[in-house]
1. Residues in the stretch 131-141: is at least one closer than 27 Å to Q18 by Cα, in contact with a helix residue (DSSP H, G or I) (Cβ under 9 Å, 6 or more places away or on another chain), free of Cβ contacts under 8 Å to residues at least 60 places away in the same chain and crowded, with 18+ Cβ neighbours inside 10 Å?
2. Of the residues that sit in the stretch 1-15 and are part of a helix (DSSP H, G or I) and crowded, with 17+ Cβ neighbours inside 10 Å, which one is modelled with the lowest pLDDT?
3. Within the stretch 29-43, identify whether any single residue is farther than 22 Å from V107 by Cα and hydroxyl-bearing (S, T, Y), and answer yes or no.
4. Please find, among Y32, Y87, the residue that is in contact with a helix residue (DSSP H, G or I) (Cβ under 8 Å, 6 or more places away or on another chain), assigned to a helix (DSSP H, G or I) and either not basic (K, R) or not assigned by TED's automatic domain parsing to the domain that holds L159 (or both).
5. Which residues, taken from the stretch 119-144, are aliphatic (A, V, I, L, M) and either in contact with a strand residue (DSSP E or B) (Cβ under 8 Å, 6 or more places away or on another chain) or under 15 Å from T218 (Cβ atoms) (or both)?
6. Can we say V153 is touching a residue at least 12 places away in the same chain (Cβ under 8 Å), β-branched (V, I, T) and more than 17 Å from I231 (Cα to Cα)?
7. Which residue pairs have Cβ atoms closer than 7 Å, lie 6 or more positions apart in sequence or on different chains, and pair a first residue in the stretch 267-281 that is on the phi > 0 side of the Ramachandran plot with a second residue that is at pLDDT 80 or above and of a type in the set (A, V, I, L, M)?
8. When residues of the stretch 51-80 are filtered for being under 23 Å from Q7 (Cβ atoms), exposed (fewer than 15 other Cβ atoms within 10 Å of the Cβ) and hydrophobic (A, V, I, L, M, F, W, C), how many remain?
Amino acid sequence: MMTLSTQTQDWIEQFAQQLVQDQLSTHTVAAYRRDLQRFALWLHEHTPSATLATVSTTLISHWLADTQSNPTPSTVNRRLATLNKFYDWLKNRQHIAHNPTQDLRTVKVPAQTPTTVSEADIDRLLNTPCVDTALGLRDKCMLELLYATGMRVSELVSLEIAQLQLEQGVVAVIHPSLTEQRLIPLGPDAMHWLERYLSQSRNTLLHQRRSEALFVSTQGRAMTRQGFWLIIKKYAQQANISTSLSPHSLRHAFASHLLKNGANLSMVQLLLGHKNPSTTQIYSHVTRERLKQLHREHHPRA
């Protein structure tokens, strides 16, 4: 089996540690590491004399469009972003004098409109879990919270008890790879199921163990993205929902249903946490009560 040189492995791991220090999520760091390892192996196989430090722009462009792996435009752009960040890091550490990716451009990704889950399908999905069991009540609460807030699944599974502000009717959401937080109104349905989960289910799942995580497994550990994805798949199948569902489907439904019911686009973008250079400044001028009013007026389950 082909192995990477010690220097290559060291550089990749040092770069990964830098990403961790930069507070990128575990999932993102793993993706960067995986892309770099694949590139290094491809380079060794196709041009053994080349190294990460001496590779040419031409060789990099060949890997980006490698026909054997038949990459999509999104994959090509992700690979390029990985290499660009990696080579900037090498240059800043004076391992190389020139970033070989700086003249390469991303490819155009065809616009795709996500399939929106109907409000009727959402209702069926949310009403599927059996709330008479600790697990069913947890699952019901997670589904209700995801649809009520539109948060990312990574934000949902990383929620901690301290982020709930039930008296104010909001949750403080912090993206794993960012430091800013945003306050999202919960709405009465999500509030109800959160209170039931906290009083009837969470301690049962913890079995006297301690955890800061809001949503926990039967082992008392924080839920994972993969685990929640399987939960949605299971309930979608039980509810006979033909549309392909994922955690992001509920986030997309949250935004689509708000807009359908008359919400302002810029406010929806704010609730979703979409980033731009003025996000923080804009957010500081929007009051908690204005967000709650928007939620009450336009969310179908408010």
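The values are calculated or read from the model by the stated rules, or taken from the named source; none is laboratory data. Note that the structure is a prediction, hence the values are computed from the model and not measured. Note that we place each Cβ from the backbone using ideal geometry, even for glycine, and neighbour counts take in every protein chain shown.
1. no
2. Checked the stretch 1-15; the qualifying residue modelled with the lowest pLDDT is T8.
3. no
4. Y32
5. A134, L135, L137, M142
6. Judged against the criteria, V153 is not a match.
7. Going by the 7 Å Cβ cut-off, the qualifying pairs are G273/V173.
8. Residues meeting the conditions: 1.
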